[in-house]
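Working notes, beginning with the structure itself.
The values are calculated or read from the model by the stated rules, or taken from the named source; none is laboratory data. Quantities reported herein were computed from a predicted structural model and do not represent experimental measurements. In this analysis, Cβ positions are derived from the backbone assuming ideal geometry, glycine residues included, and neighbour counts consider all displayed protein chains.
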Amino acid sequence: MTHAARLLPLCIAATALLLGCKAKVDVPAPSTPASAPIGAADDQPATLMAQVFNGWTATAPHAASMPSGQGAEQESVLVAPLRTVPLGDHHRMLLVTGVPDEGTGQPLQFNATSVNIGAYVFEHRAGHWVKTFERPSLTWTGFNGQVGQVKVHDLGDGRTVLSIQNGTCGQDVCSEWVRLFNLAPDDARALTPAIPLSRKLEDAPGCAAWLAGQPPANTTPTDPVTPENCVDVSGSWHFETTGEPGWPELVLEFEGRRAVQDASTGQVIPRAADGKLVLRHDGSGFKVVSGRNPMQ
């Protein structure tokens with residue numbers, strides 16, 4: 001084929017385009033810009049869960065590996081959404097529970113089975129919720145595979161606190177604790193250790209009599225009651241503003257009784273176990289500034 005013959009089809013095609021002919025041309029689809037956000041269409045817990053855990057659905061157990069809290073060890077847990085926490089207009093924190101997996105997709109639920117709490121923050125960008133922060137294991141807490149009572153407290157000035165209150169009974173003793181956590185767009189961490197809130201051994205053989213000022217019955221329980229563990233104390237807590245700028249104080253109030261042994265007579269007598277404990281935020285967490293916890 002001559003050079004002129006090879007150019008002829010190209011000239012015809014060019015002429016057709018100039019004359020407005022509708023020739024089919026394969027044009028590649030425009031690629032998505034690298035900066036385009038990829039995220040959730042809404043801030044519902046189930047939608048955000050699917051962004052964090054690939055393949056998660058609300059209809060089937062989903063196992064994920066989480067830090068066990070024991071060094072570098074990991075533990076398989078069954079994840080589920082706990083709740084979504086608003087952090088201003090443009091951020092949401094997804095709280096996720098993780099109960100240890102017994103190996104068959106069923107949760108462990110022994111008394112000592114605690115639950116992992118994970119925290120994942122999403123920011124609203126160009127109509128989507130994009131994950132910007134994560135703390136897969138904020139804490140392990142709870143008993144019997146249950147978290148307990150979870151509340152979110154808006155303290156104003158952009159401060160949001162999570163409280164987890166739970167307890168358990170065993171060997172005639174019922175105890176309860178509370179712990180607080182800071183929640184922020186770029187932070188999720190503990191503000192307090194687990195604070196004892198209540199303790200009761202009143203129904204154990206001998207303890208009820210001691211707390212009533214009577215000699216104990218002649219019983220031989222498996223775990224003998226002693227003045228050191230015979231107690232019936234209940235506590236409550238609240239935030240209290242001081243008029244000063246910054247964090248409010250954390251106040252715990254206790255009331256109840258405990259058995260004590262008189263040093264001079266050796267007699268076991270009941271004594272009031274009332275008290276008030278005040279903690280103040282020092283920039284990193286709440287620290288005790290006055291009072292004492294009668295259970296410590």
Inset, instruction - For Ala188, state whether it is within 17 Å of Val150 (Cα to Cα) and either of a type outside the set (Gly, Ala, Ser) or touching a residue at least 40 places away in the same chain (Cβ under 8 Å) (or both). - result: yes
Inset, instruction - State the number of residues belonging to the range 182-194 that are assigned to a strand (DSSP E or B) and either in contact with a Phe, Trp or Tyr (Cβ under 6 Å, 6 or more places away or on another chain) or in the same structural domain as Arg92 (by TED's automatic domain parsing) (or both). - result: 1
Legend entry - Conditions (1) more than 28 Å from Gly148 (Cα to Cα); (2) part of a strand (DSSP E or B); number of the one not met by Pro245: (2)
Inset, instruction - Could you check Val130 against (1) assigned to a loop (DSSP other than H, G, I, E, B); (2) surrounded by fewer than 17 Cβ atoms within 10 Å (Cβ to Cβ); (3) over 18 Å from the mean Cα position of the chain (by Cα) and say which number it fails? - result: (1)
Inset, instruction - Examine the range 135-150 for a residue that is surrounded by fewer than 17 Cβ atoms within 10 Å (Cβ to Cβ) and charged (D, E, K, R), and state whether such a residue exists. - result: no
Legend entry - Qualifying position, being under 27 Å from Thr141 (Cα atoms) and touching a strand residue (DSSP E or B) at 6+ places or on another chain (Cβ under 7 Å), among Val268, Val278: Val278
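Residue by residue, here is whether (1) at pLDDT 95 or above; (2) assigned by TED's automatic domain parsing to the domain that holds Gly88 holds:
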site	(1), (2)
Phe122	yes, yes
Val130	yes, yes
Gly158	no, no
Gly167	yes, no
Legend entry - Filter result for the condition that a residue is acidic (Asp, Glu) and buried (at least 19 other Cβ atoms within 10 Å of the Cβ), over Asp232, Asp282, Asp274: Asp232
Inset, instruction - Scan the range 197-220 and give yes if some residue there is in contact with an Asp or Glu (Cβ under 9 Å, 6 or more places away or on another chain), among the polar types (S, T, N, Q) and either in a strand (DSSP E or B) or at pLDDT below 95 (or both), otherwise no. - result: yes
